[in-house]
Amino acid sequence: MANDNHLFSVTCYNVTMLNNKYYNEFFELGQQKINFSFFELCLPDDDPVYTLKKVMEELDFSGLLANCSDKGRTGYNPIMMYAVVTYANMRGIRAVDRIVELCERDLAFIWLTKGQKPKRDAFYEFKNKRLTADVLDELNYQFLRRLQK
């Protein structure tokens, strides 16, 4: 039992790798890829979705990512889900069904989700299990502070 300390480092390593994967995937860090996303060509250059993503690059998502597990099926990227919910709120949209519809039809939402189409169950699970009130308050506080700069 005294020599079981090495087990903790493995667990922390897996969680860290999972968190880095989500972060790198959403902000497209690391390996450069050729992305033929034609819907991006139709978005105006001054669309608020670009500002949203730029500001989000500076946020600390450790609280949100701590609620994610590397067990079971891989779900939607929690950073992407937070971005979608935040962008919907910026546009005055609160209804989950409306957000789901916009993820399928609105170019800015399609750009944020990279073409993925999360359904209402995914949003409810995200809001109820991953995006706790404390995590939401912390992320919104960071977001507003970055916008002020």
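Here is a list: L102, L147, L139. Which entry is touching a residue at least 40 places away in the same chain (Cβ under 8 Å), surrounded by 19 or more Cβ atoms within 10 Å (Cβ to Cβ) and in a helix (DSSP H, G or I)?
That would be L139, the only listed residue that is touching a residue at least 40 places away in the same chain (Cβ under 8 Å), surrounded by 19 or more Cβ atoms within 10 Å (Cβ to Cβ) and in a helix (DSSP H, G or I).
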Q) Consider L29 against the criteria (1) at pLDDT 75 or above; (2) surrounded by fewer than 12 Cβ atoms within 10 Å (Cβ to Cβ); (3) within 21 Å of Q142 (Cβ to Cβ): it satisfies all of them except one. Which criterion is unmet? A) (1)
Q) If I93 passes every condition in (1) in a helix (DSSP H, G or I); (2) buried (at least 16 other Cβ atoms within 10 Å of the Cβ); (3) more than 16 Å from the chain's Cα centre (by Cα); (4) not aromatic (F, W, Y) but one, which one does it miss? A) (1)
Q.
It is to be established whether one or more residues within the range 118-130 are surrounded by 15 or more Cβ atoms within 10 Å (Cβ to Cβ), within 16 Å of the chain's Cα centre (by Cα), among the aliphatic types (A, V, I, L, M) and under 15 Å from A88 (Cα atoms).
A. no
**Q.** Leading residue by the ranking (surrounded by the most Cβ atoms within 10 Å (Cβ to Cβ)) among those in the range 33-52 that are modelled with pLDDT under 70, outside any helix (DSSP H, G or I) and more than 20 Å from the chain's Cα centre (by Cα)
**A.** F36
Q) Of (1) of a type outside the set (A, V, I, L, M); (2) surrounded by fewer than 17 Cβ atoms within 10 Å (Cβ to Cβ); (3) part of a helix (DSSP H, G or I), R73 satisfies all except one. Which? A) (3)
Q: Please go through the range 118-136 and pick out each residue that is farther than 11 Å from G63 by Cα and not in a helix (DSSP H, G or I).
A: P118, K119
Q. G115 is checked against (1) exposed (fewer than 14 other Cβ atoms within 10 Å of the Cβ); (2) part of a loop (DSSP other than H, G, I, E, B); (3) modelled with pLDDT of 95 or more and fails just one. What number does that condition carry?
A. (3)
(Q) Looking at the range 53-70 only, could you name the residues that are in a helix (DSSP H, G or I) and within 17 Å of F143 (Cα to Cα)? (A) K53, K54, V55, M56, S62, G63, L64, L65
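The values are calculated or read from the model by the stated rules, or taken from the named source; none is laboratory data. Computed from a predicted model, the values in this text were never measured in an experiment. All Cβ positions, even for glycine, are placed from backbone atoms using ideal geometry, and neighbour counts span all protein chains on display.
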